[in-house]
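S.K.: Submitted below is the structure of interest, expressed as structure tokens.
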Amino acid sequence: MRLLYTIWCAIFLIVLYLLLCPIQFVFLQREAWKPLAHKINYIWGTLFFIGIGIPVRVEYRFRPLPNQVYVFCANHFSYLDIAVMGLIVKNYFAFVGKSDVKHIPLLGYMFAKLHVQVDRNQPNSRAYSLAKSIRTLASGRSIMIFPEGGIRATEMPRMVPFKDGAFTMAIQQQVPIVPVTILNNYQILPDKSPVRFHWHPLRAIVHPPIETVGMTQDDVERLKQQTYQLIDTELMKEKKVLAV
């Protein structure tokens, strides 16, 4: 049954995107239309979770203001996290993600047009992506980033240490960090073979922002640790609940 459920999830995901892709393609042709292309991703995520029967339960301890610029930072244990962030965060934002996505037909075109790519095989790629992210923030658009630098955790739900980039750009532009805890995606779609979907209600927490006004680059480490602790505290609470 789990294999059949996984096949249904994959087919529904692809068919749904193929139906929405032509509309998104049109919106990607002009800069002024790109927020509409971004909304297509939100519609895609909403319909996908409805179609696979997984309820999305988000605890909004803070509701981001639509016209405010933020750097959203979330833990990253599952490839499902990308779809989830596009669903629970309503702001117009750019992902910072691996350039490998650009090789996926159709989806790669959208990613290259809307988001910030990091090519880990290129020595200057991180500096380039940081500079582009800073320009994105300066233009009035938020950034969404997984500060672990990918799916790197080996003992779920313990995160690996965060990288500096998200906190450097937030301080440079003096915009708030909004931590997001994705509690159980690693149970729904674990990052292991064979790929299998498991049915669980999806749960996440959007935390109050951490202000960066007045901070300097000397505060990057402190800001990074504060964000890590906020997310980690909720993950450890969840781990204790599951252990009971």
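The values are calculated or read from the model by the stated rules, or taken from the named source; none is laboratory data. As the structure is a computational prediction, the values presented were derived from the model and not from experiment. Neighbour counts are summed over all protein chains in view; Cβ atoms, including those assigned to glycine, are modelled from backbone coordinates with ideal geometry.
S.K.: Among the residues of region 42-94, write down those that are closer than 12 Å to residue 185 by Cβ and aromatic (Phe, Trp, Tyr). Please lay out each step first, then the result.
M.R.: We begin by selecting, within region 42-94, every residue closer than 12 Å to residue 185 by Cβ; these are 49, 54, 56, 74-85, 87-88.
Those that are closer than 12 Å to residue 185 by Cβ and aromatic (Phe, Trp, Tyr): 49, 77, 79.
S.K.: Give me the residue from region 89-107 that is in contact with a helix residue (DSSP H, G or I) (Cβ under 6 Å, 6 or more places away or on another chain) and farther than 23 Å from residue 127 by Cβ and, out of that set, surrounded by the fewest Cβ atoms within 10 Å (Cβ to Cβ).
M.R.: 106
S.K.: Taking residue 137, is it in contact (Cβ under 8 Å) with a residue 60 or more places away in the chain, over 26 Å from residue 66 (Cα atoms) and not polar (S, T, N, Q)?
M.R.: no
S.K.: What do you reckon, is residue 147 surrounded by fewer than 19 Cβ atoms within 10 Å (Cβ to Cβ), at pLDDT 95 or above and on the phi < 0 side of the Ramachandran plot?
M.R.: The answer is no for residue 147.
S.K.: For the subset of region 85-119 comprising residues that are assigned to a helix (DSSP H, G or I) and in contact with a strand residue (DSSP E or B) (Cβ under 6 Å, 6 or more places away or on another chain), which member is nearest to residue 158 (Cα to Cα)?
M.R.: 85
Residues checked against (1) assigned to a helix (DSSP H, G or I); (2) over 21 Å from the mean Cα position of the chain (by Cα); (3) on the phi > 0 side of the Ramachandran plot; (4) not aliphatic (A, V, I, L, M):
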{"position": "180", "(1), (2), (3), (4)": "no, no, no, no"}
{"position": "193", "(1), (2), (3), (4)": "no, yes, no, yes"}
{"position": "204", "(1), (2), (3), (4)": "no, no, no, no"}
{"position": "228", "(1), (2), (3), (4)": "yes, no, no, yes"}
{"position": "232", "(1), (2), (3), (4)": "yes, no, no, yes"}
{"position": "241", "(1), (2), (3), (4)": "yes, yes, no, no"}
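S.K.: Okay, next question. Quick one: residue 229 ticks every box in (1) under 13 Å from residue 74 (Cα atoms); (2) surrounded by 16 or more Cβ atoms within 10 Å (Cβ to Cβ) bar one, so which box is it?
M.R.: Status for residue 229: all satisfied but (2).
Conditions tested, residue by residue: (1) in contact with a Ser or Thr (Cβ under 8 Å, 6 or more places away or on another chain); (2) under 22 Å from residue 208 (Cβ atoms); (3) among the hydrophobic types (A, V, I, L, M, F, W, C); (4) at pLDDT below 90.
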position	(1), (2), (3), (4)
25	no, no, yes, no
31	no, no, no, no
48	no, no, yes, no
53	no, no, no, no
61	no, yes, no, no
98	no, no, no, yes
107	no, no, yes, yes
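S.K.: Residue 73 passes all but one of (1) modelled with pLDDT of 95 or more; (2) of a type outside the set (Asp, Glu); (3) within 18 Å of residue 177 (Cβ to Cβ); (4) in a loop (DSSP other than H, G, I, E, B); which number fails?
M.R.: (4)
S.K.: Filter region 206-226 down to the residues that are loosely packed, with under 14 Cβ neighbours inside 10 Å and in a loop (DSSP other than H, G, I, E, B) and list them by number.
M.R.: Answer for region 206-226, where residues must be loosely packed, with under 14 Cβ neighbours inside 10 Å and in a loop (DSSP other than H, G, I, E, B): 208, 211, 213, 214, 216.
S.K.: Can you pull out every residue in region 160-187 that is under 22 Å from residue 98 (Cα atoms) and surrounded by fewer than 20 Cβ atoms within 10 Å (Cβ to Cβ)? First the steps, then the outcome.
M.R.: Pass one, region 160-187, residues under 22 Å from residue 98 (Cα atoms): 160-170, 177-182, 185-186.
Hits for region 160-187 are 160, 161, 163, 164, 168.
S.K.: How many of the residues in region 232-244 are β-branched (Val, Ile, Thr) and either more than 19 Å from residue 72 (Cα to Cα) or surrounded by 14 or more Cβ atoms within 10 Å (Cβ to Cβ) (or both)?
M.R.: So the count comes out to 2.
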